[in-house]
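See below for the structure under consideration.
The values are calculated or read from the model by the stated rules, or taken from the named source; none is laboratory data. This one's a predicted model, so the numbers in the text were calculated from it and none came from an experiment. Glycine gets a Cβ as well: all are built from the backbone with ideal geometry, and neighbour counts include every protein chain shown.
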Amino acid sequence: MHDDLSLIEGNLLVYDGDCPLCTRYVKLIRLRDSIGEVDLVNARTDHPAVASLARAGYDLNEGLALIESGQVYFGAACMTRLALLSTPVGLFNRMNARLFRSPRVAAWLYPFLRAGRNALLWLLGRRPIVDREMP
């Protein structure tokens, strides 16, 4: 895989696989129902996209990333994009769409979500994601 994120083929959602909240969120949004094939990538693995994101300056301890047709959505922008893409099926998806479809609301709420994630990981004794940037 090339370092240029725009050359990544297909759709990928990179998230913290050690975070129970992140893992549950990724399963609940039903992204495959709306955009088709999407690879769910644990940011704690050596997947090439993880290293490419790090080289591009994205800190996956600070947010999840959606790479959709070469475009990167990170953190609050990712939440907004996921809300716009998610299907209206299920209470969770409807609530998610209402909360995060507004970039302004997503930007305001996202730091609280990130703080909750960090607190949960600390309580569970899980370490931050290792920077997989290649020299």
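Pull up the range 27-47, narrow it to residues that are touching a Leu at 6+ places or on another chain (Cβ under 7 Å) and over 15 Å from Glu68 (Cα atoms), then point me to the one that is modelled with the highest pLDDT. Break it down stepwise before answering.
Let us first name the residues in the range 27-47 that are touching a Leu at 6+ places or on another chain (Cβ under 7 Å), namely 29, 31, 34-35, 38-41, 43.
Then drop every residue that is not over 15 Å from Glu68 (Cα atoms), which leaves 29, 43.
On the way: Ile29: 78, Ala43: 94.
Filtering the range 27-47 for residues that are touching a Leu at 6+ places or on another chain (Cβ under 7 Å) and over 15 Å from Glu68 (Cα atoms), the one modelled with the highest pLDDT comes out as Ala43.
Outside any loop (DSSP other than H, G, I, E, B), among the small types (Gly, Ala, Ser), touching a helix residue (DSSP H, G or I) at 6+ places or on another chain (Cβ under 6 Å) and closer than 23 Å to Met95 by Cα - does that describe any residue in the range 43-59? Write out each step before concluding.
Taking the range 43-59 first, the residues outside any loop (DSSP other than H, G, I, E, B) are 48-55.
Among the residues that remain, those that are also among the small types (Gly, Ala, Ser) are: 49, 51-52, 54.
Pick out the ones that are also touching a helix residue (DSSP H, G or I) at 6+ places or on another chain (Cβ under 6 Å) and you get 52.
With closer than 23 Å to Met95 by Cα added as a condition, the list becomes none.
For the range 43-59, residues outside any loop (DSSP other than H, G, I, E, B), among the small types (Gly, Ala, Ser), touching a helix residue (DSSP H, G or I) at 6+ places or on another chain (Cβ under 6 Å) and closer than 23 Å to Met95 by Cα: absent.
Contact list please: Cβ distance under 6 Å, first residue in the range 35-56 and at negative phi, second residue small (Gly, Ala, Ser), pairs at least six apart or on different chains.
That search, which allows pairs on different chains as well, returns Val41/Ala49; Asn42/Gly17; Arg44/Gly17; Val50/Ala43; Leu53/Ala65.
Which of the following residues is surrounded by fewer than 18 Cβ atoms within 10 Å (Cβ to Cβ), out of contact with any Cys (no Cβ under 8 Å at 6 or more places or on another chain) and either of a type outside the set (Lys, Arg) or at positive phi (or both): Glu68, Glu62? Spell out the reasoning first.
Working: Glu68 fails: surrounded by fewer than 18 Cβ atoms within 10 Å (Cβ to Cβ).
Going through Glu68, Glu62 in turn, the sole match is Glu62.
Can you find even one residue in the range 115-122 that is surrounded by 15 or more Cβ atoms within 10 Å (Cβ to Cβ), modelled with pLDDT under 90 and aliphatic (A, V, I, L, M)?
no
Within the range 73-84, restricting attention to residues that are of a type in the set (A, V, I, L, M) and buried (at least 20 other Cβ atoms within 10 Å of the Cβ), which residue is modelled with the highest pLDDT? Spell out how you get there, then give the answer.
Of the range 73-84, the ones of a type in the set (A, V, I, L, M) are 76-77, 79, 82-84.
Add one more test, that the residue is buried (at least 20 other Cβ atoms within 10 Å of the Cβ), and what stays is 76, 79, 82-83.
On the way: Ala76: 95, Met79: 92, Leu82: 89, Ala83: 88.
Only one residue tops the list, namely Ala76.
Under the condition of being more than 14 Å from the chain's Cα centre (by Cα) and basic (Lys, Arg), which residue from the range 78-135 is nearest to Ser52 (Cα to Cα)?
The extreme case among them is Arg132.
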